Amino acid sequence: DFCFFNLGIRDEVDYPIVMTEPLCNPNKCRTLTSELLFECYGVPSICYVVDLLCGFYSHQESDASSLGDGLIINSGHHSTHIVPILDGKMCLNKTRRIPLGGNQHTEMISRSLSLKYPQFKNVFGFD
């Protein structure tokens with residue numbers, strides 16, 4: 001509701017929707033999202049895209065036959081995914097998920113700063 005309202009869409013959505021989702025998102029989430037968009041908003045179609053692939057493929061040349069190799073490192077709030085790309089395709093058997101994300105980095109830096117500068121503990125969120 002919030003997104004559509006701020007876009008000025010008050011009734012049914014007459015546009016196709018492109019949804020990004022995390023790697024290995026459970027099918028249940030996709031099913032519930034699709035059901036909500038089709039039944040409540042009347043969208044004509046939905047396309048799901050793995051978010052970390054959008055950036056990789058947007059930097060490739062326009063010729064699809066020349067899709068190259070690469071390594072995607074996607075650090076999110078709770079975890080980091082490392083995805084190798086060979087010949088333009090994801091190697092899911094080589095993909096790794098590390099349970100370390102931006103939230104842990106921020107907390108570690110805040111704790112380190114509060115230890116180094118104890119007079120500023122309240123600035124870093126530790127009382």
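The values are calculated or read from the model by the stated rules, or taken from the named source; none is laboratory data. As the structure is a computational prediction, the values presented were derived from the model and not from experiment. Note: ideal-geometry Cβ built from the backbone for every residue, glycine included; neighbour counts use all protein chains shown.
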query: Would the stretch 27-36 turn up any residue that is more than 19 Å from the chain's Cα centre (by Cα), among the charged types (D, E, K, R) and either modelled with pLDDT under 85 or exposed (fewer than 11 other Cβ atoms within 10 Å of the Cβ) (or both)?
result: yes
message: Can you say whether E39 is surrounded by fewer than 14 Cβ atoms within 10 Å (Cβ to Cβ) and either more than 30 Å from L86 (Cα to Cα) or modelled with pLDDT of 90 or more (or both), as far as the supplied structure shows?
response: yes
statement: Scanning the stretch 71-83 residue by residue, those more than 11 Å from F56 (Cα to Cα) and either in contact with a Phe, Trp or Tyr (Cβ under 8 Å, 6 or more places away or on another chain) or outside any loop (DSSP other than H, G, I, E, B) (or both) turn out to be S75, T80, H81, I82
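Each row is one residue, and each column tells you yes or no for (1) in contact with a Phe, Trp or Tyr (Cβ under 9 Å, 6 or more places away or on another chain); (2) in a loop (DSSP other than H, G, I, E, B).
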{"site": "R97", "(1), (2)": "no, no"}
{"site": "L100", "(1), (2)": "no, yes"}
{"site": "H105", "(1), (2)": "no, no"}
{"site": "I109", "(1), (2)": "yes, no"}
{"site": "Q119", "(1), (2)": "no, no"}
statement: When P22 is run through (1) modelled with pLDDT of 90 or more; (2) surrounded by 12 or more Cβ atoms within 10 Å (Cβ to Cβ), the failure sits at (1)
